[in-house]
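> Have a look at the structure that comes next, please.
The values are calculated or read from the model by the stated rules, or taken from the named source; none is laboratory data. Predicted model, so just to flag it, every value in this text is computed and none were measured. Virtual Cβ from ideal backbone geometry, glycine too; neighbours counted across all protein chains shown. The accessibility values were calculated without ligands, DNA or RNA, using every heavy atom of the protein model including side chains. Shrake-Rupley method; radii C 1.70, N 1.55, O 1.52, S 1.80 Å.
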Amino acid sequence: METPPSPPAAVDVVLPCLDEAGALPWVLERIPSGWRAIVVDNGSTDGSADIARSLGAHVVHEPRRGFGAACHAGLTAATADVVCFCDCDASLDPALLPAVAGAVLAGTADLVLGRRRPLTRGAWPLHARLANLELARMVRRRTGLRLHDLGPMRAARREPLLALALTDRRSGYPLQMVVRAADAGWRVAETDVPYRPRTGRSKVTGTWRGTWQAVRDMRSVLAEPPAADSVAAAATGRGTER
């Protein structure tokens, strides 16, 4: 059962969640005051949904497994003008979201990504960092965007995001968001965010196999032709920082 609707929030924070009971209390207590946490339970078996609900989060259930499926369920459940995304594993501090969303709220950027800066050597495994560098290179070649990271902490306005008509429901969802935003002429920016060791094991980058499966998913996204109709509908008419 989903939690009942709450009063409109200044910003909605989408938190895709799969067995994150150990991290949820810390994550939810760090949500900025006045912002709403939307925890999207993606099939947890450790009571994550009940914990999130007891801590005041709005809980959405997405039965179809996949990072993109959880993110998109949260986006469609959001009602605030600005929506942030953040991992639910305590690797990223939600208290820093105002710095990520600030340029979007001020109208000086359309999509802001948090560029992860590891606090310890073990926070970001070598194979995951190498895969991220390769993806950043491919994104630059495909879009011209000079990004360093395709990090999961990000912010944009809800209606333009929905107009991008994102279709990937697996690991390629964050990348497809960036590619379609670039095709639509969005101003895309980065800001540094500390990256901590996560609580529990990553479902994607915890192994070489999972990481390279994600890379394959993302290669498929990069091979897609521009979605002219949906991208045109999402265009902001402001040009993109490259």
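> Of the conditions (1) in contact (Cβ under 8 Å) with a residue 60 or more places away in the chain; (2) assigned to a helix (DSSP H, G or I); (3) not small (Gly, Ala, Ser), ARG129 satisfies every one except a single condition; which number is it?
Only one criterion in (1) in contact (Cβ under 8 Å) with a residue 60 or more places away in the chain; (2) assigned to a helix (DSSP H, G or I); (3) not small (Gly, Ala, Ser) is unmet by ARG129, namely (1).
> Here is a follow-up. Of the residues in the range 122-169, how many are more than 20 Å from LEU222 (Cα to Cα) and either among the basic types (Lys, Arg) or surrounded by 15 or more Cβ atoms within 10 Å (Cβ to Cβ) (or both)?
Residues that pass the stated criteria total 10.
> Can you tell me which residue within the range 93-121, out of those that are β-branched (Val, Ile, Thr) and open to solvent by 60 Å² or more (accessible area, probe 1.4 Å), is farthest from ALA182 (Cα to Cα)?
For the range 93-121, the residue satisfying everything is THR120.
> Check ALA155, ALA136, ALA101 and return the single one that is in contact with a Cys (Cβ under 8 Å, 6 or more places away or on another chain), farther than 23 Å from LEU18 by Cβ and outside any loop (DSSP other than H, G, I, E, B).
Numbers: ALA155 fails: farther than 23 Å from LEU18 by Cβ; ALA136 fails: in contact with a Cys (Cβ under 8 Å, 6 or more places away or on another chain).
It is ALA101.
> Please indicate, with yes or no, whether at least one residue in the range 76-92 is in a helix (DSSP H, G or I), surrounded by 22 or more Cβ atoms within 10 Å (Cβ to Cβ) and touching a strand residue (DSSP E or B) at 6+ places or on another chain (Cβ under 8 Å).
No, the range 76-92 contains no residue that is in a helix (DSSP H, G or I), surrounded by 22 or more Cβ atoms within 10 Å (Cβ to Cβ) and touching a strand residue (DSSP E or B) at 6+ places or on another chain (Cβ under 8 Å).
> Residues of the range 137-158 being in contact (Cβ under 8 Å) with a residue 12 or more places away in the chain and over 23 Å from ASP93 (Cα atoms), which ones?
Answer for the range 137-158, where residues must be in contact (Cβ under 8 Å) with a residue 12 or more places away in the chain and over 23 Å from ASP93 (Cα atoms): MET138, VAL139, ARG142, THR143, GLY144, LEU145, ARG146.
> Out of all the residues in the range 22-36, is one or more farther than 26 Å from PRO194 by Cα, charged (D, E, K, R), free of Cβ contacts under 8 Å to residues at least 60 places away in the same chain and open to solvent by 10 Å² or more (accessible area, probe 1.4 Å)?
no
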